[in-house]
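Report on one structure; see the data block that follows.
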Amino acid sequence: MMKKLLLASAATALVSTAAVAADLPRRAPPPVFTPVPVFTWTGFYAGLESAYTFTDRERITTAGVLPGNANNVALGRRPALTSTSQDGFANIGGTAGYNYQFTPGSGIVVGVANSIDWTDITKNRVVLGTGNVAGGPPNISQYRQSLDWLGTLTGRVGYAFDRVLVYGMGGLAYGNVFHDANFYTPGGALQFAGRYDDFKTGFAYGGGIEFALPTDSFLNNFAVGRYLGIKYDAITVKAEYLHYDLGSQSVLVGAIPGVGTGAYISRFRTEGSIVRAGFNYKFGGF
């Protein structure tokens, strides 16, 4: 009898303990910590851009080589000083470069960028000088200059506020320039002509702002690289301004045989500003 009683008590205690254990909260496994990636501007990048180029009163000076030519300049038959203004949109341009950010997230960013834009801006200037005789028809001087394309190779220093980068830039400017001068007699015959068409270098400086699109931005759906199979870490959009200076170039405006005598030297100045807007694919880093 005693044995049966002990067995019944033990069974009751076991059932009660199991029931209490079932009512206790279960200990869930600890959550897995996934660090949020911190954006960095470090890496190579390449992209496309469009640009607007404009100049402000590019100076053209003219001097006579022989005394007779110098006298014509002094009398106003040929302009001692004139200027042109040019402006135009570049259809398309390209850029490529590399950035290095010292601290991910927010911090100082340094880099280098090379951009080339087709500008094709041309300006003609016609100047009516005094006639050879008082009250006679004027001497006509015609100038033309253009900047076919412009490239800049610049260093960049800026500060990143996470996905926003503000920067300054400066360095080499280069491009193909064209200068042309034609002087006509009062009767309209070409009397002197000269031109220059070649590669020039100079300097450029400016600044800009760039924004890296979040990975979940709907604008990423419009990225061409997605459909071309280009693997990239981020898409950035930018806007920047640069002032460029390709210096001055002297052009010999020589006499047409049998029409003119001597020669002139016309000196053209190539200087202006360019505003760029575009997008880049960023490679490397996050």
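The values are calculated or read from the model by the stated rules, or taken from the named source; none is laboratory data. What you see is a predicted model, and the numbers here were worked out from it, not measured in a lab. Cβ: placed from backbone, ideal geometry, glycine included. Neighbour counts: every protein chain shown.
Results, tabulated for the structure shown:
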read-out: Residue within region 169-177 that is of a type outside the set (Asp, Glu) and not in a strand (DSSP E or B) present; value: no
read-out: Inter-residue pairs, beta-carbon under 7 Å, first closer than 17 Å to residue 62 by Cα and in region 251-262, second part of a loop (DSSP other than H, G, I, E, B), 6+ apart; value: 255/261; 255/262; 262/65; 262/66
read-out: Any hit, region 209-228, residues being in a loop (DSSP other than H, G, I, E, B) and at pLDDT 95 or above; value: no
read-out: Residue within region 170-187 that is surrounded by fewer than 16 Cβ atoms within 10 Å (Cβ to Cβ), in contact (Cβ under 8 Å) with a residue 40 or more places away in the chain, out of contact with any Leu (no Cβ under 8 Å at 6 or more places or on another chain) and at positive phi present; value: no
read-out: Failed criterion for residue 167 (all others in (1) modelled with pLDDT of 95 or more; (2) exposed (fewer than 15 other Cβ atoms within 10 Å of the Cβ) hold); value: (2)
read-out: Residue 52 being at pLDDT 55 or above, hydroxyl-bearing (Ser, Thr, Tyr) and surrounded by fewer than 18 Cβ atoms within 10 Å (Cβ to Cβ); value: yes
read-out: Matching option when the condition is among the β-branched types (Val, Ile, Thr), over 30 Å from residue 261 (Cβ atoms) and at pLDDT 55 or above, among 84, 61, 40; value: 40
